[in-house]
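Notes follow once the structure below has been shown.
Computed from the coordinates by the stated procedures, all read-outs in this text should not be read as laboratory data. From a predicted model like this one, the values you see are computed outputs, not experimental measurements. So basically every Cβ, Gly included, is an ideal-geometry build from the backbone, and we count neighbours across all protein chains shown.
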Amino acid sequence: MIKSELIQKIASANPHLYHRDVERIVNVIFDEIVDALARGDRVELRGFGAFTVKHRAARQGRNPRTGSPVPVEEKFVPFFKTGKELRDRLNGDDGATNN
Amino acid sequence: MAGKTLTRADLAEAVVKKVGLPRNESQDLVELVLSEISLNLARGDSVKLSSFGSFGIRQKGQRVGRNPKTGKEVPITPRKVLVFRPSNIMKDRINSGRMRRKAAE
């Protein structure tokens, strides 16, 4: 599924909304997640998963072709950890059992 | 890095503010977006959201694990795991935002 298909799905479930507005709603949700992570917050969506940011220190890398050392700058990278309920659903467990 | 934790309620609030929909309807829409994504993933389909990232399913085979407390070997059953790959746009926005914050500290 791609974003336009997701928007289409949401739009058909909400016939009273303009397609254009559904597009904005979906974009607002994902932009808000990115903005939160960019400003130093984390996002936890129970049952779905959590988005966090990890810090990677600067390190000495290597050009794999020439073997010459290249400096790699420090950076911040986004991470996603799957929520328990979704993880169980992926494995055909609908949450009726514990663990 | 005294960050807050955002939840569904904060995402719904963003929809209220930026799209101008009532709060209860915004909450339902946030939930619908998440459940649609979950439904597709549970079916085994990947979900690609341009400028955000993509969620995919990876099949893991059986392997031998160890109970860390007893040291006993236990088989880990084959399973599906969800992997998220952030888009370059997402990575850039987060990295530059965090670097700016760090510089301002």
*May I ask for the angle, rounded to the nearest 10°, between helix A:3-13 and the longest principal axis of chain A, with both axes built from Cα atoms and the value confined to 0 to 90°?*
20 degrees
*Over chain B, what is the relative contact order in whole percent, taking alpha-carbon pairs under 8 Å and six or more residues apart?*
18 percent
_Need one word for chain B: rounded, prolate or oblate. Basis is the Cα gyration tensor (sqrt eigenvalues a ≥ b ≥ c); a/c below 1.5 gives rounded, then a/b vs b/c decides._
prolate
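Run lengths n ≥ 4 of DSSP H only: what is the helix-derived mean residue ellipticity at 222 nm for chain B, with -39500 (n - 2.57) per run over all residues, to the nearest 500? Walk me through the numbers before you get to the answer.
Values: 3 runs with 49 residues, N = 105.
Theoretical 222 nm ellipticity from helices: -15500 deg cm²/dmol.
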*Taking the Cα centre of the range B:23-85 as origin and charging only Cβ (+1 Lys, Arg; -1 Asp, Glu), how large is the dipole, in debye to the nearest 20?*
660 debye
*With unit charges on the beta carbon (Lys/Arg positive, Asp/Glu negative), name the residue among A:G47, A:A57, A:N27 whose Cα is farthest towards the positive pole of the charge dipole of chain A.*
A:A57
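Before rounding to the nearest 500, sum -39500 (n - 2.57) across all DSSP H runs of length at least 4 in chain A and divide by the residue total; then give [θ] at 222 nm in deg cm²/dmol. Don't skip to the answer; put the middle values down first.
Details: 3 runs with 38 residues, N = 99.
Mean residue ellipticity at 222 nm (helix-derived): -12000 deg cm²/dmol.
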*Neighbourhood net charge (12 Å Cβ-Cβ; Lys/Arg +1, Asp/Glu -1) for A:L17*: -2
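With a ≥ b ≥ c the root eigenvalues of the C-alpha gyration tensor of the protein assembly as shown, is it rounded (a/c under 1.5), prolate (a/b larger than b/c) or oblate?
Details: a/c = 1.84, a/b = 1.15, b/c = 1.60.
Since a/c reaches 1.5 but b/c is at least a/b, the shape of the protein assembly as shown is classed as oblate.
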_Please compute the contact order of the range A:6-99 in relative form: average sequence separation of alpha-carbon pairs under 8 Å and at least six residues apart, divided by the residue count, as a percent._
20 percent
*Please list the non-local residues whose amide H lies under 5 Å from the amide H of A:I2, H modeled 1.01 Å from N, same-chain partners needing a gap of 5 or more.*
B:K48
*To the nearest 10 degrees, how steeply does helix A:19-38 sit against the main Cα axis of chain A, on a 0 to 90 scale?*
40 degrees
*Unit Cα scatterers, Debye sum, the range A:15-81: log10 I(q)/I(0) for q = 0.16, 0.21 Å⁻¹*: -0.73, -0.90
